[in-house]
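First the structure, in the form of C-alpha cells, and then the observations on it.
Bear in mind that the values in this text are calculations on the coordinates, not laboratory data. A quick note: this is a predicted structure, and the numbers were derived from the prediction, not measured. When we count neighbours, we look across all protein chains shown, and the Cβ atoms used for this are built from the backbone with ideal geometry, even at glycine.
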C-alpha cells in the first residue's frame, strides 16, 4: 500500500467514525508531507486537536507514522500539515496557544 492509498483509507475511516462531528479530506501530498482539511462542528470538550492525532493513529495502522507539523485553525475546522516520521522518531504536537474559559 502506498501513502495515497493509506491516506484515502484513513480519511474514509475517520469520516465513518467522526462524520457527525467533522469530516476530513486530503488537500495535497508532497514528498514526506501531506495536508488534511478538517471541517465540521467538532466536539470542543473532547479536545479539538485530538481529532488530528486520531487521524495520525488511523494512518499508523496502515503502516505510515506521521506527526502534526502545523495547524491553521478555521472558523469551522482546521487545515493540518503532517510529516511522515523517520524510524525511531517520536512526535508530540503542542499547540502554540491555549485558551481557558473560566466562568
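How much length would be gained if the chain were fully extended between residue 72 and residue 17, taking 0.36 nm per residue of separation minus their Cα-Cα distance, in nm to one decimal?
Working: separation 55, 0.36 × 55 = 19.80 nm, distance 2.28 nm.
Separation in residues times 0.36 nm, less the Cα-Cα distance, equals 17.5 nm.
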Label point 7 Å out from residue 79 along Cα-to-Cβ: which residues of segment 15-44 have amide N under 19 Å? 23-41
Which residues does the label zone of residue 2 cover in segment 25-40, counting backbone N under 14 Å from a point 7 Å along Cα→Cβ? 29-32
